Ligand SMILES: [Zn+2]
């Protein structure tokens, strides 16, 4: 089947009461790992590429790999989503290339670092919604800013500085008509999210619940939601790495989020850790090896394992065949008619 709209997947997820993992990719092996995990667990998937990934892969390579994925895994409804678009132009270039969903992150200015004004955010998000919906493409927006910096993008800090204000979130969705909303509840991008196991002090699930109560029909998105499991950190450190102790977002907290309107969960760090650990292991244990396949295969397998596990934990497993793809032109028609 062709690439599908993210809105359709998230609407289905809301109906079924589950969440959908959104996994970042930069290359062929990562796409293969996700598609294999999706096939094994019969899951619909969201594959996302950041601006950094688009420049690393000269995004046309990535796009054609995604087309190959849809040919080789015709039973899997697959979304190609732009992660953290920094300007309407970036989003429009992704739409032109064939992405079926884009994130306009207007919570930061176009430099991808400076927290922006509310009016700026509404203005750029509206522009992207108009361009995207005309083609049936989904729009994710963000209000409030996450902590940390990844791929040169982010507000920095611990994640507690710019939490989402639920009243403003409600206003923002009314002002922009975005399909999905990323919120800041204390999480950060990257591996170093928390210096201790997160509790109610650092992970504001109460804020999330209030936003969901005000916006029961809006699909909420949790960014920076890798769990950063100790086992994956240990493999890296056991084979010559040096990660400092760190904690991510526990899967149980994400599952509480899913019960409260979270439909898209962004996971990148866990996959990076899994791949790097697997590569380190091969290179340390068998230093005579030099064929990239000798370490890329185990790396791909390690990532597939993590992704499949998340697909089961988020509840998307088993839901692929319930989704009959709506053509993008039909999605555009539905937006035009206000459905
Ligand atoms: Zn993010």
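If R0 is taken as 22 Å, the Cβ-Cβ distance between residue 113 and residue 234 corresponds to a FRET efficiency of 0.10. Working value for the stretch 257-319: equivalent-ellipsoid semi-axes of 32, 11, 7 Å, each the square root of 5 times a Cα gyration tensor eigenvalue, largest first. Remark: spin-label model distance residue 134-residue 322 equals 3.5 nm, labels positioned 7 Å along the Cα→Cβ axis. Just how far, in whole angstrom, is the stretch 66-121 from the stretch 235-270 if you go by their alpha carbon centroids? A separation of 22 Å, based on Cα centres. The Stokes-Einstein estimate for the chain, based on a Kirkwood radius over Cα pairs and taken at 10 °C with 1.306 mPa s viscosity, is a diffusion coefficient of 80 µm²/s. Would you look at the GNM of the chain, springs on alpha carbons closer than 10 Å, and say which of 176, 276, 195 moves the most? Its mean-square fluctuation being the largest, the pick is 195. Take the Cα of residue 336, go 7 Å toward its beta carbon, and the backbone nitrogen atoms of the stretch 119-153 under 19 Å from that spot belong to 128-139.
Computed extension gain for residue 289 through residue 199, at 0.36 nm per residue and net of the alpha carbon distance, reaches 28.0 nm.
Every read-out reported here was derived from the displayed coordinates using simple, explicitly stated rules and does not represent laboratory data. Just so we're clear, the structure is a prediction, and the values are computed from it rather than from any experiment. Because the Cβ atoms are built from the backbone with ideal geometry, glycine has one as well, and the counts that use them run over all protein chains shown.
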